[in-house]
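What follows is a set of notes on a single structure, which appears directly below.
What follows draws every value from the coordinates through simple rules; no lab data is involved. What you are looking at is a predicted structure, and each value in this text was computed from that prediction instead of being measured. Using ideal geometry, Cβ is built from the backbone for each residue, glycine included, and neighbour counts are taken over all protein chains shown.
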Ligand code: LIP
């Protein structure tokens, strides 16, 4: 099977893009790269999972597909926009031709950084479960302005540009209309470290009796898109990396949700909370009372 990975090198023949780019132009680049990347991941899954190793703990897996997808995306982005920088989950920060130079502006003061999770939901990918995604965000001078999340098994795709709204396969998203906290369906996730999982279970035990129910899909990027779509009412998770939520966080915000940390902090490793304005206050209050951003999970 000839994987599209070689396509990235073919793109090198086309003239690279230069000059400041709009969020819409950056989104078009992201979508054009993510679609074949998701095809590569899906084909590699069909051919069987190879090269499985672990990272932070013995359950934090990475596969040959994670690495192949990140290499593909980095190659395609460097062909399309040479000089941009890339932060990827597997290979860290770099430009196409080496380690990321500090403060490098690629176009007229516009410094573009791509933030990539090559396969978000790697455990689901390992178990061939239908929720895992390629997540790619474009950050300009420190602000995420465009993002795409593409579910690998189903081809479902969510996109957003800052100020331009967010879309599920082209349909505008506006989040959930649920107004009653006790009837809210929440999604969350858990880290790989056992101490953190024990503390996350403590928070979950305190929250579960207060809401309708909890869902744990196993991919933060997809969780954030489902809450943007209104298929879940709100989402929270502690311990995420930037690449888990950079694209999905913009997609949720552009659907009209509040996407933050706790007590005035921005969304980040302490906590990511995404909820419609009506559900945000009671969920925020409950998470603060349960010290969801602290505890052993810190
Ligand atoms: C995963 C997240 C998920 C979280 C997992 C893990 P990965 O990312 O998407 O929400 O609960 O612990 O962090 O490791 O599959 O890229």
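Which shape class, rounded, prolate or oblate, goes with the stretch 41-95 when its Cα gyration tensor gives a ≥ b ≥ c as root eigenvalues, a/c under 1.5 marks rounded, and past that a/b bigger than b/c marks prolate? Walk me through the intermediate numbers first.
Details: a/c = 4.43, a/b = 1.53, b/c = 2.91.
Here the stretch 41-95 falls in the oblate category.
Can you quote the Å³ per residue value for the convex hull of the Cα atoms in the stretch 126-274, rounded to an integer?
Taking the convex hull of the Cα positions in the stretch 126-274, it is 117 Å³ per residue.
What order do you get for 23-34, 177-188 when each peptide is scored by the mean count of other beta carbon atoms within 10 Å, highest first? Spell out each step's value before the answer.
Values: 23-34: 20.4, 177-188: 16.8.
Listed from highest to lowest mean packing, they are 23-34, 177-188.
When you count, for each residue, the other Cβ atoms within 10 Å and take the mean per peptide, how do 232-245, 271-284 rank with the highest first?
The most tightly packed comes first, giving 232-245, 271-284.
Report, to the nearest 10°, how far helix 280-289 tilts away from the longest principal axis of the Cα atoms in the chain, using its own Cα long axis and a range of 0 to 90°.
Between the helix axis and the principal axis of the chain, the angle is about 70 degrees.
Looking at the calculated P(r) for the chain, what percent of the C-alpha pair distances fall above 33 Å?
Details: 9030 of 44253 pairs.
Of the Cα pairs, 20 percent sit more than 33 Å apart.
For the chain, take the longest principal axis of its alpha carbons; what is the angle in degrees between that and the long axis of helix 64-80, to the nearest 10 within 0 to 90?
Relative to the chain, helix 64-80 is tipped by roughly 60 degrees.
Convex hull over the alpha-carbon atoms of the stretch 115-154: what's its volume per residue in Å³?
48 Å³
Quick one: angle between helix 194-207 and the longest Cα principal axis of the chain, in degrees between 0 and 90, rounded to 10, please.
With both axes taken from Cα atoms, the answer is about 50 degrees.
Please report the equivalent ellipsoid semi-axes of the stretch 179-256, computed as sqrt(5 x eigenvalue) of the Cα gyration tensor, largest first, in whole Å.
Listed largest to smallest, the semi-axes of the stretch 179-256 are 20, 18, 8 Å.
Determine, for each peptide in 75-87, 127-139, 215-227, 50-62, the mean count of other beta carbons within 10 angstrom over its residues, then list the peptides with the highest first.
Peptide ranking by packing, descending: 215-227, 127-139, 75-87, 50-62.
Over the stretch 218-298, what per residue volume does the convex hull of the Cα atoms give, in whole Å³?
Spelled out: Cα convex hull of the stretch 218-298, divided by residues, is 81 Å³.
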